[in-house]
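See structure below.
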Amino acid sequence: MTILIRGASLMGGDTSDILVDGDIIREVGRISSSADRVIDAHGLIALPGLVDLHSHLREPGGEGSETILSGSRAAAAGGFTAVHAMANTSPVADTAELVELVAERGRLAGYVEVRPVGAVTKNLGGEQLADIGGMARSAAAVTVFSDDGRCVGDALLMRRALEYVSTFGGVIAQHSQDPRLTEDAVINEGRVSSELGLRGWPSVAEESIIARDVLLAEYVGARLHVCHVSTAGSADVIRWAKKRGIRVTAEVTPHHLLLTEDRALAYDPLFKVNPPLRTAADVEELRRAVADGTIDVVATDHAPHASASKDCTWHDASFGMVGLESALSVVQHALVDAGHISWSDVARILSVVPAEIGKVGGYDAPLEAGSKANITLVDSSHTSVWDASRLHGRSTNSPFAEISLPGRIMSTIFNGTETVIDGTVVAPELVRKT
Amino acid sequence: MKNLVSTRDLEAGRAIALLDTAIDMVDVRSRDVKKLPTLRGKTVANVFFEDSTRTRLSFEAAALALSADVTTFTAPGSSVSKGESLKDTLQTLEAMGADFIVLRHSHSGVAATVANNGWVDAHIINAGDGTHEHPTQALLDAFTMRSRLLGDAARGNNLSGIKVAIVGDILHSRVARSNALLLQKLGASVTLAAPQTLLPRAIDNWGVTVVTTIDDAIDTAPDVVMTLRVQKERMSSGFFPSESEFSALWGMNDARLSRLPPTSIVMHPGPMNRGLEISGSVADSPQSTVTEQVANGVAIRMAVLYTLMGDSR
């Protein structure tokens, strides 16, 4: 099977044709030959397939809100060709058997490469290390370990985890949240929490853990990845750590690049998320931190929840927002259109570097001949009001409803297979593997 | 006005109209026949997910004085523990005929969520939500201040020029939040006195003056000192070290009362910890309005029910 993409702007730059042959990009340039499939991409931007370092696909155990298949479809719709599935499933992904099951179900679904994240501690209990070596050596070859949803709060355990994971060349992705400073916290601590009478989640609870962890990483010579950075102060700490030569990488979510705590003023649980939405000053500083390289990647923290978990009071609602389909649009709006970064930077923060951090093969030479055929075509001139009908997962808890956002994914190609054609996600039976 | 969820959403003109209606309700309460027929055939459901005997009885008395039928639903803790959501509980009560839902809940924002989401058509009256707001308490406090300080000139007037000091656990107090908002809308100036641990963060937009101890507040010669109930379990959570230190720095006592202008009043929303945030002798002094506040509470809640009923016609 060959696919010829005609006239795409390569990462926002020169216009070129791309010839896909099987699962490989065969040729890039002016191509006169024909192909089995021809995609007219004039006016579209070609990006390497997007890689998400942080998704919750909920399977096993949470199939009411998402499955590996439904989450994979949402990912493809958002232009992704690889996603990391967080470990906080039920049961927790803390054994070789479980991560292999997740990877295999992802492979069978066929929309994206599903890379399981292994738990750092058994059952996310924060007490005893999970089977890290077993997961690393399993067929799923896990390289990213995280107790996401919970912080590895104990300093000694975090030290050991950093050391032990580095034995296998992996990385700890830390959910940085001091547990004591955030007991019962449900919203950013500040003007809005004071007005609403809700228990605040202070910025220092994130910043102090990041500060501790970068020093631990330096001390033991390990790699650290910081999940969903949400405050200006966290960006400062990471900037300082990088300057010092500490091997730390960091991610920010699309929602923390766009939305502020003010969204919570009507107690609408769609805006309840952990870490919480912060202030406009934080949003601005996080954008700058992406632009200057302090924050390495954008990761979605896609967190589907069934409607009953959001059609309720703020207190009773679950934390989290879906984000796979909207990620690129928010990045375009908050970073590209706002003048902070270029489209080639988008390829870097949403594909090349997340793949590098997660050791996902095939993304190191984006849109070059010989690379894996993972390609996303975007219509950046399209603008529309976001609504839940755009979602392909099982849950509709998107915070972007009624917000006008630019960009539309027109085509996604995963290892040479089209998963999105003309803006429509391909039917499961057409991509399913056996 | 369909619902009363917060004093934040209450315009000053509306508030004054409610206070004036409450004057009429006090008159009704002093008549031989102490009832109005306004809510005959209507049902007021008191839905209390958090214990509060005095607020519940006050709303009950108000509803009965307006000839309403009253049903009471109390579920200390929460009915969620029985597997039923708040939404289902309220829709069940409405299906049983509730026209007004008086809602008390230990979680902030519950009344706003119910009023915003269209789960029910009934009027929603917030009888206290977590550490957010308690609008009828603020209204009855404003009513008490106005009648004490303005006397016969109360009707139609606001609290312009009145200085109010609110002292103690501001952080956890829905009474303090609702009062700070409402009293300023009515023209009063508000000073808060509390340890840093019991002050909300980032309140520079509240329009209030913040001082440290109760003595600093008394130095401003306030017309009103409002003391707040302090939960003793706050000590074990590290908000303050001991009862004696709290009462030494933030407790209202005789010595402090004597430093106030003789026309000033001392308020407390109840229930009081005598000897902690307010001494027994101050609570029993002529300058204390504690029992008046309770009596005025019934009149204010009558005025709220009466007004919401009138506006829905």
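The values are calculated or read from the model by the stated rules, or taken from the named source; none is laboratory data. Quantities reported herein were computed from a predicted structural model and do not represent experimental measurements. Positions of Cβ are generated from backbone atoms using ideal geometry, with glycine treated the same way; all protein chains shown enter the neighbour counts.
Can you tell me which of (1) touching a strand residue (DSSP E or B) at 6+ places or on another chain (Cβ under 8 Å); (2) in a loop (DSSP other than H, G, I, E, B); (3) closer than 30 Å to residue A:281 by Cβ; (4) of a type outside the set (Gly, Ala, Ser) is the one residue A:400 doesn't meet?
(1)
Look at the range A:151-167 and say how many of its residues are in a loop (DSSP other than H, G, I, E, B), surrounded by 18 or more Cβ atoms within 10 Å (Cβ to Cβ) and out of contact with any Pro (no Cβ under 8 Å at 6 or more places or on another chain).
Final tally of qualifying residues: 1.
Please note which helices (runs of 4 or more DSSP H) are completely contained in the range B:12-118 and include at least 1 residues that are free of Cβ contacts under 8 Å to residues at least 12 places away in the same chain, over 18 Å from residue B:174 (Cβ atoms) and hydroxyl-bearing (Ser, Thr, Tyr).
B:12-30, B:86-95
Say we look at the range A:190-202 and pick out the residues that are in a loop (DSSP other than H, G, I, E, B) and closer than 13 Å to residue A:231 by Cβ; which of these is nearest to the other protein chains (Cβ to nearest Cβ)?
My answer is A:190.
Would it be correct to say that residue A:191 is more than 16 Å from residue A:88 (Cβ to Cβ) and in contact (Cβ under 8 Å) with a residue 60 or more places away in the chain?
Against the criterion (more than 16 Å from residue A:88 (Cβ to Cβ) and in contact (Cβ under 8 Å) with a residue 60 or more places away in the chain), residue A:191 qualifies.
Is it true that residue A:59 is in a loop (DSSP other than H, G, I, E, B), crowded, with 19+ Cβ neighbours inside 10 Å and in the same structural domain as residue A:151 (by TED's automatic domain parsing)?
yes
Going residue by residue through the range B:39-55, is there one that turns out to be touching a His at 6+ places or on another chain (Cβ under 7 Å) and in the same structural domain as residue B:106 (by TED's automatic domain parsing)?
Within the range B:39-55 (the criterion being touching a His at 6+ places or on another chain (Cβ under 7 Å) and in the same structural domain as residue B:106 (by TED's automatic domain parsing)), the answer is yes, since at least one residue qualifies.
For the range A:156-184: of the residues being over 29 Å from residue B:112 (Cβ atoms) and of a type in the set (D, E, K, R), which is farthest from the other protein chains (Cβ to nearest Cβ)?
The extreme case among them is A:163.
Quick one: is residue B:112 within 22 Å of the chain's Cα centre (by Cα), surrounded by 24 or more Cβ atoms within 10 Å (Cβ to Cβ) and facing chain A (nearest Cβ under 10 Å)? Can you show your working first?
Numbers: within 22 Å of the chain's Cα centre (by Cα): yes; surrounded by 24 or more Cβ atoms within 10 Å (Cβ to Cβ): yes; facing chain A (nearest Cβ under 10 Å): yes.
In short, yes.
Please tell me if residue B:173 is among the polar types (S, T, N, Q) and within 14 Å of another protein chain (Cβ to nearest Cβ).
yes
Could you identify the single residue in B:220, B:291 that is of a type in the set (Ser, Thr, Tyr) and touching a residue at least 24 places away in the same chain (Cβ under 8 Å)?
Residue meeting the stated conditions: B:220.
Any residue at all in the range A:171-181 that's of a type outside the set (A, V, I, L, M), farther than 28 Å from residue A:230 by Cβ and in contact (Cβ under 8 Å) with a residue 60 or more places away in the chain? I'd like the intermediate steps shown before the answer.
Let us first name the residues in the range A:171-181 that are of a type outside the set (A, V, I, L, M), namely A:174-180.
Among the residues that remain, those that are also farther than 28 Å from residue A:230 by Cβ are: none.
The answer is no; no qualifying residue exists.
Return a yes/no flag: does the range B:253-276 have any residue that is within 14 Å of chain A (Cβ to nearest Cβ) and either assigned to a loop (DSSP other than H, G, I, E, B) or touching an Asp or Glu at 6+ places or on another chain (Cβ under 8 Å) (or both).
No: the range B:253-276 contains no residue that is within 14 Å of chain A (Cβ to nearest Cβ) and either assigned to a loop (DSSP other than H, G, I, E, B) or touching an Asp or Glu at 6+ places or on another chain (Cβ under 8 Å) (or both).
Hey, does the range B:95-103 have a residue that's outside the structural domain of residue B:189 (by TED's automatic domain parsing), farther than 15 Å from residue B:44 by Cβ and buried (at least 24 other Cβ atoms within 10 Å of the Cβ)?
No, the range B:95-103 contains no residue that is outside the structural domain of residue B:189 (by TED's automatic domain parsing), farther than 15 Å from residue B:44 by Cβ and buried (at least 24 other Cβ atoms within 10 Å of the Cβ).
Can we say residue A:289 is under 21 Å from residue A:329 (Cβ atoms), touching a helix residue (DSSP H, G or I) at 6+ places or on another chain (Cβ under 6 Å) and modelled with pLDDT of 95 or more?
yes
Just a yes or no: is a residue in the range A:116-134 of a type in the set (Lys, Arg) and within 19 Å of the chain's Cα centre (by Cα)?
Among the residues of the range A:116-134, not one is of a type in the set (Lys, Arg) and within 19 Å of the chain's Cα centre (by Cα), which makes the answer no.
Matching residues to (1) of a type in the set (Val, Ile, Thr); (2) more than 15 Å from residue B:304 (Cα to Cα):
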| position | (1), (2) |
| --- | --- |
| B:1 | no, no |
| B:4 | no, no |
| B:9 | no, no |
| B:16 | yes, no |
| B:49 | no, yes |
| B:62 | no, no |
| B:67 | no, no |
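Residue by residue through the range B:121-152, note down the ones that are assigned to a loop (DSSP other than H, G, I, E, B) and either within 14 Å of chain A (Cβ to nearest Cβ) or over 29 Å from residue B:47 (Cβ atoms) (or both). So that I can check it myself, show each step before the final result.
Quick first cut of the range B:121-152, residues assigned to a loop (DSSP other than H, G, I, E, B) only: B:121-122, B:130-132, B:134.
Selection gives B:130, B:131, B:132, B:134.
Tell me which residues, restricted to the range B:153-196, are among the aliphatic types (A, V, I, L, M), touching a residue at least 24 places away in the same chain (Cβ under 8 Å), outside any loop (DSSP other than H, G, I, E, B) and over 20 Å from residue B:214 (Cα atoms).
Kept after step one, since they are among the aliphatic types (A, V, I, L, M), are these residues of the range B:153-196: B:153-154, B:159, B:162, B:164-167, B:170-171, B:175-176, B:180-183, B:186, B:188, B:190, B:192-194.
Checking the rest, the ones that are also touching a residue at least 24 places away in the same chain (Cβ under 8 Å) come to B:154, B:159, B:162, B:164-167, B:170-171, B:175-176, B:180-183, B:186, B:188, B:190, B:192-194.
Then keep just the ones that are outside any loop (DSSP other than H, G, I, E, B); that gives B:164-167, B:175-176, B:180-183, B:190, B:192-193.
Once the filter is applied, which keeps residues that are among the aliphatic types (A, V, I, L, M), touching a residue at least 24 places away in the same chain (Cβ under 8 Å), outside any loop (DSSP other than H, G, I, E, B) and over 20 Å from residue B:214 (Cα atoms), the range B:153-196 yields B:181, B:182.
Residue-wise test of (1) modelled with pLDDT of 95 or more; (2) farther than 15 Å from residue A:346 by Cα; (3) exposed (fewer than 15 other Cβ atoms within 10 Å of the Cβ); (4) not aliphatic (A, V, I, L, M).
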| position | (1), (2), (3), (4) |
| --- | --- |
| A:20 | yes, yes, no, no |
| A:27 | yes, yes, no, yes |
| A:41 | yes, yes, no, no |
| A:49 | yes, no, no, yes |
| A:53 | yes, no, no, no |
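What residue, of A:187, A:246, A:209, is within 12 Å of chain B (Cβ to nearest Cβ) and either within 24 Å of the chain's Cα centre (by Cα) or of a type in the set (Phe, Trp, Tyr) (or both)?
Exactly one of A:187, A:246, A:209 is within 12 Å of chain B (Cβ to nearest Cβ) and either within 24 Å of the chain's Cα centre (by Cα) or of a type in the set (Phe, Trp, Tyr) (or both), namely A:187.
In the range A:291-330, which residue that is closer than 24 Å to residue A:13 by Cα and either surrounded by fewer than 24 Cβ atoms within 10 Å (Cβ to Cβ) or of a type in the set (Ser, Thr, Tyr) (or both) is farthest from the other protein chains (Cβ to nearest Cβ)?
A:293
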